[in-house]
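Any read-out appearing in this document is the output of simple, stated calculations on the displayed coordinates, not a laboratory observation. As the structure is a prediction and not an experimental result, all values here were calculated from the model. Positions of Cβ are backbone-derived with ideal geometry, glycine not excepted, and every protein chain shown enters the neighbour counts.
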Amino acid sequence: MAKARKRKLPLVTVESSSSNSSTPLSGRTTIRQFHVLSKRRAQLKAGTTNEESVEALAAVEDEITQLGGLETYQRMSAIGQGTDRGGGSEKILIKWLKDFGLHKNRACKLCLLEVGALKPDNYSTCATWIDPTPLDLRSRHPSIIEQDFLQLDVTAHRNKWDILSLSLVLNFVPEPKDRGMFYITTYLLELRLNESRTNAVNCA
C-alpha cells in the first residue's frame, strides 16, 4: 500500500489582510518572512530538481504571493523608513560623512549611488553637497532608476560615483555568492573618493 504523503506546513505564517496593518511589528514580520522565503526559494532553485523539490518550490512561491510579493516587501520597508519609525539608513551615512568633514568646503557635490532606494528624496536635506543617483531592482518612482545592480555595466560607470550606499540590500540577497558579487561590483566601479581627493572631486 502506497505511503500517504504528509502535507507540508508553510515555512512562515502569513497574516490575514485584516491584521496585516502597517504597525512596526507587522512590518518587521513581513520583511523577515520575505527574507526566509526568498532564501528557501534560492536554495530550491540551486538544488536537485525532482518531483519533491518542484512541489516545494511551488509552495514557497505561493507563500510569497500570499505575503504580497516584492511590492508588499518594498511598501513595508518604505514605511519602516518613515520619521515616525526612526528614519532610514541614510541618516547614519550622512552622519558618517559629516563626521569626516566631507560636507565642508567642497569644490563640487559628492556623487552618491544609492542602491535599493525606495524613495527618491532620501538625501534632499543634503542637496547642497550630495548629488544622489537612486537605483532599485523595481522602481517605485520615476526618479528612481530601475536596474539590477549586479547587471550594471561597470566599465561604463567606472569612476562615476564617490560613494556607494547598499543600505540593507545585502540582507535582501539570499545567496552568499550574490552578496559577494555586490562587493566585487563595488570594487570594479572604482569609487573616486579617497583621502587625497575628499575636497576636490570632479563630478562631471
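How many nm separate the modelled label positions at residue 70 and residue 91, each set 7 Å beyond the Cα in the direction of the Cβ?
2.8
Counting Lys +1, Arg +1, Asp -1, Glu -1, what net charge surrounds residue 145 among other residues with beta carbon under 15 Å of its beta carbon?
With Lys, Arg at +1 and Asp, Glu at -1, the neighbours total -3.
What ranking do 92, 145 get, fewest neighbouring Cβ atoms within 10 angstrom at the top?
92, 145
Could you pull out every residue, at least 5 positions away or on a different chain, whose amide H is within less than 5 Å of the one on residue 122? Hs are placed 1.01 Å off N in the peptide plane, and Pro or chain starts have none.
Amide H neighbours of residue 122: none.
Volume per residue, Å³, of the convex hull around the alpha-carbon atoms of the stretch 88-197?
113
How much FRET efficiency would the formula 1/(1 + (r/R0)^6) give for residue 127 and residue 32, where r is the Cβ-Cβ distance and R0 is 41 Å, rounded to 0.05?
After rounding to 0.05, the efficiency reads 0.75.
Among the listed pairs 39/95; 119/160; 45/95; 109/177; 98/119; 45/160, which are separated by more than 30 Å between their Cα atoms?
Pairs exceeding 30 Å: 39/95; 45/95; 109/177; 45/160.
Evaluate the charge dipole of the stretch 88-197 about its Cα centre and quote only its size in Debye, nearest 20, assuming +1 on the Cβ of each Lys and Arg and -1 on the Cβ of each Asp and Glu.
360
Between residue 99 and residue 179, what is the label-point separation in nm under the 7 Å Cα-to-beta-carbon projection?
2.3
Beyond 14 Å, what percent of the Cα pairs of the stretch 24-83 remain?
58
Long-range amide H contacts for residue 145: which residues qualify at under 5 Å (H placed 1.01 Å from N, peptide plane, sequence gap of 5 or more or a different chain)?
For residue 145, the qualifying residues are 135, 136.
If each residue of separation counts as 0.36 nm, what is the full-extension length gain between residue 55 and residue 170 once their alpha-carbon separation is subtracted?
Gain in length upon complete extension: 38.6 nm.
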